[in-house]
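The values are calculated or read from the model by the stated rules, or taken from the named source; none is laboratory data. It should be emphasised that the depicted structure is a prediction, and the values quoted were computed from it without experimental measurement. Heads up, the Cβs are rebuilt from the backbone with ideal geometry, glycines too, and the neighbour counts pull from every protein chain shown.
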């Protein structure tokens, strides 16, 4: 279950210093990028309730790491309706809109 509270939503509070507020539909490129910057999202961490991610999964990612992926040309798609408004404290809404998707029925085009 995703989210700072593991409630399936990108809800947040002041204790979420990473700002896990962007609902990303992760791609292989995004996962590889995250691993390259020391954020291995593919390996399960059961002690934190983290299953490990695969391309096509939706997950509340940190706004700073998503922005870094954007700057490096590896940003994941964003489900704006599920992204917390606090994300725009770090990533301008105009940038998030460039990656906005509805949750696709077929994720094969996200797997690159």
### Task
Please work out which residue is surrounded by the fewest Cβ atoms within 10 Å (Cβ to Cβ), limiting yourself to the stretch 43-62 and to residues that are at pLDDT 95 or above and in contact with a helix residue (DSSP H, G or I) (Cβ under 7 Å, 6 or more places away or on another chain).
55
### Message
With the requirement that a residue be without any contact (Cβ under 8 Å) to a residue 60 or more places away in the chain and either outside any loop (DSSP other than H, G, I, E, B) or more than 14 Å from the chain's Cα centre (by Cα) (or both), what does the stretch 7-32 give you?
### Response
7, 13, 14, 15, 16, 17, 20, 24, 30, 31, 32
### Query
Any idea which residue in the stretch 68-88 is modelled with the highest pLDDT, counting only those that are part of a helix (DSSP H, G or I) and surrounded by fewer than 11 Cβ atoms within 10 Å (Cβ to Cβ)?
71
### Query
How about the stretch 90-103: which of its residues are modelled with pLDDT of 95 or more and either surrounded by 15 or more Cβ atoms within 10 Å (Cβ to Cβ) or closer than 22 Å to residue 6 by Cβ (or both)?
90, 91, 95, 96, 99
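Does at least one position in the stretch 46-55 carry a residue that is assigned to a strand (DSSP E or B), without any contact (Cβ under 8 Å) to a residue 24 or more places away in the chain and under 13 Å from residue 25 (Cβ atoms)?
There is no residue in the stretch 46-55 that is assigned to a strand (DSSP E or B), without any contact (Cβ under 8 Å) to a residue 24 or more places away in the chain and under 13 Å from residue 25 (Cβ atoms).
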### Query
Restricting the search to the stretch 33-55, which residues are farther than 13 Å from residue 68 by Cα and under 13 Å from the mean Cα position of the chain (by Cα)?
40, 41, 42, 52, 53, 54, 55
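Take the stretch 40-55 and flag every residue that is in contact with a strand residue (DSSP E or B) (Cβ under 8 Å, 6 or more places away or on another chain) and farther than 21 Å from residue 87 by Cβ. Spell out the reasoning first.
Just the residues of the stretch 40-55 that are in contact with a strand residue (DSSP E or B) (Cβ under 8 Å, 6 or more places away or on another chain), to begin with: 41, 44, 52-53.
Of everything in the stretch 40-55, those that are in contact with a strand residue (DSSP E or B) (Cβ under 8 Å, 6 or more places away or on another chain) and farther than 21 Å from residue 87 by Cβ turn out to be 44, 52.
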### Those residues of the stretch 1-37 which are in contact with a strand residue (DSSP E or B) (Cβ under 8 Å, 6 or more places away or on another chain), over 15 Å from residue 58 (Cα atoms) and surrounded by fewer than 20 Cβ atoms within 10 Å (Cβ to Cβ), in sequence order
18
